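K.L.:
Right, I'll just put the structure down here and ask away after.
The values are calculated or read from the model by the stated rules, or taken from the named source; none is laboratory data. Keep in mind the model is a prediction, meaning the values are calculated, not measured. Quick reminder, even Gly has a Cβ in these numbers, built from the backbone with ideal geometry, and neighbours come from all protein chains shown. These accessible areas exclude ligands, DNA and RNA; they are computed on the full protein's heavy atoms, side chains included. Shrake-Rupley method; radii C 1.70, N 1.55, O 1.52, S 1.80 Å.
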Amino acid sequence: MIRTLRLKDYLIALQKANLVVSAQISAEKQELEVKQLTFDSQEAGEGCLFVCKGAHFKAQYLQDACAKGAICYVSEVPYEVAAADCKDVAVSPASILVSDIRKAMALLGNLFYDEPWRRLHTIGVTGTKGKSTTVYYIRQILDCWLEKEGQKESAVLSGIDVYDGVVCEESHLTTPEAIPLQRHFANAAESGMEYLEMEVSSQALKYDRTAGVTFEVGAFLNIGEDHISPIEHPDFDDYFDSKLRLMDQCRIACVNGDCNHFEEIYSRAQDSKAEKVIAFGQKPGMDLYGHHLRKTEQGIAFQADWQGKTMDIELTMPGLFNIENALAAMACCLALGVSEEAIKEGLYSARVPGRMEPFYGKESGTMVLVDYAHNRMSFEKLFSSCREEYPEHRIVAIYGCPGKKALARRWELAEVAANYAEKVYVTEEDHGEEDLTEICVQIASNVLKYGGTPEIIEDRELAIKEAIEEAASLAAGTVYSGPDAGKACKPVKTLILLTGKGRETRQKRGTKYIDCASDVEIVEQYLK
């Protein structure tokens, strides 16, 4: 529900938070009703309170917002706007200058949408790897339970997609910016939803996108070095501390007892305002203890002990490492009072779009696993698990690295891929404002350095096509390329690990997201 508040109400709230540096608003304008809150000039309309934010912000965006009816802007720096009826004259629209635009956005969003998260049972999940899978496990469990209870399905905010009862779309950010985040909460509440599960990234926590929100349940999966770059986290301590902030924002904290730095995370949760802390994992003594792991025809089975009872759980998604994600989802749902029956049913039927999705070439026996793995922890788990589960297969990797962020991935992923894969195709993966060729050359040189065999094919579709055709040739017992092309060889099956993009249908090129075929679509086309 959007609150009917005047401009002065927002000014007073910012002043109380000690965020206001200066304000230029006439007494008359202070009485105007704020009908809209946005930082997107394309959305701006009558009665808009417009936020100027971002490294790529241009004064023209404010000009456009004012032309559409914005009554005031909030910014860290002042701007002048050309008068609509006299282009050579500059005027100063009503403004509120603040010391921290990100904290201001969180406060304004909470105020404008009337703290909609209070009307929801919210579950936030953070960690270096496994966030998406855990969130989808939670979603499937909750939806099984809610259906039996005659209630509406849950809402989800993930790095894969967004569904809030109104908006259903592919994601571009793991966690939305503060204002859209509150809008999603409001949409879910207004749509009659009662539960919402979401990924909470280190960037969201560091830059206050979730500031002011208290999660009913917060889960900490694991921690490893990632997102270390000049524009993300300067070092591991900053990254870890940002992740830890979730423990300060939840009523019930669930912590993975098998992860690095468990004692620090658990201690932080205990010292926070959390009313309860649940430890889960595969070590004896955990509040939720997973044990007796075994492979089945359908996937993976294990037992889980909780409050004196033992549950038999089966997963039908591949990947031995998904036990950790399943236990995290179970801990969150048990904390919410979800039934054992719904937990079993939800985990058995759970699927994550673009996560460990297997595709098979019927004639060649080629297997392609499409996965979102994109950092060292997820690569290590994926590659080692596949080596264990498919020991007779030749492993081939296809991946790239994003531009201007998580720079360490360019050698960390190369080391993992070179260790497990017989061949590594280096290709495009959201190069953004950085030169694609330079990124690919850096990755390939590192693959070579660690003893691997790289090949750069910048066109992602061509890289996938080449890998599948080579696999088919080797399965048929003929050498695919090189001086011995066409000669007979020992037939061998190939497992292709295609990582980073999953079912995403856009590539970031420059500052824009360009439509493209998803990895799944390309794989299905060429496996035929």
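K.L.:
Report, by residue number, each residue of the range 51-74 that is in a strand (DSSP E or B) and touching a Lys or Arg at 6+ places or on another chain (Cβ under 8 Å).
P.N.:
Listed by number, the residues that qualify are 71, 72.
K.L.:
Output the number of residues of the range 355-373 satisfying the condition of being at pLDDT 90 or above and buried (at least 19 other Cβ atoms within 10 Å of the Cβ).
P.N.:
7
K.L.:
Hey, another quick one. Sort through 289, 207, 266 and tell me the only one that's of a type in the set (Ser, Thr, Tyr), closer than 28 Å to residue 121 by Cβ and in contact (Cβ under 8 Å) with a residue 60 or more places away in the chain.
P.N.:
207
K.L.:
From the residues in the range 154-173 that are in contact (Cβ under 8 Å) with a residue 60 or more places away in the chain and in a strand (DSSP E or B), which one is farthest from the chain's Cα centre (by Cα)?
P.N.:
Applying the filter and picking the extreme gives 170.
K.L.:
Please enumerate the residues belonging to the range 447-463 that are in contact with an Asp or Glu (Cβ under 7 Å, 6 or more places away or on another chain) and either in contact (Cβ under 8 Å) with a residue 60 or more places away in the chain or outside any loop (DSSP other than H, G, I, E, B) (or both).
P.N.:
Within the range 447-463, just 460 meets the criteria.
K.L.:
Follow-up question, since we're still on this one. Exactly one condition in (1) farther than 20 Å from residue 144 by Cβ; (2) aliphatic (A, V, I, L, M); (3) modelled with pLDDT under 95; (4) open to solvent by less than 50 Å² (accessible area, probe 1.4 Å) is false for residue 352; which is it?
P.N.:
It fails just one condition, (1).
K.L.:
Given (1) open to solvent by less than 30 Å² (accessible area, probe 1.4 Å); (2) part of a helix (DSSP H, G or I); (3) within 26 Å of residue 431 (Cβ to Cβ); (4) not acidic (Asp, Glu), identify the lone condition not met by residue 138.
P.N.:
Here residue 138 meets the rest and fails (3).
K.L.:
So which residues in the range 283-307 are open to solvent by 80 Å² or more (accessible area, probe 1.4 Å) and not acidic (Asp, Glu), if there are any at all?
P.N.:
283, 284, 292, 293, 294, 295, 298, 307
K.L.:
Within the range 433-468, work out how many residues are open to solvent by 70 Å² or more (accessible area, probe 1.4 Å) and closer than 16 Å to residue 394 by Cβ.
P.N.:
Residues in the range 433-468 being open to solvent by 70 Å² or more (accessible area, probe 1.4 Å) and closer than 16 Å to residue 394 by Cβ: 1 in total.
K.L.:
Could you run through the range 374-407 and say how many residues are within 30 Å of residue 515 (Cβ to Cβ), touching a His at 6+ places or on another chain (Cβ under 9 Å), open to solvent by less than 30 Å² (accessible area, probe 1.4 Å) and not in a strand (DSSP E or B)?
P.N.:
6
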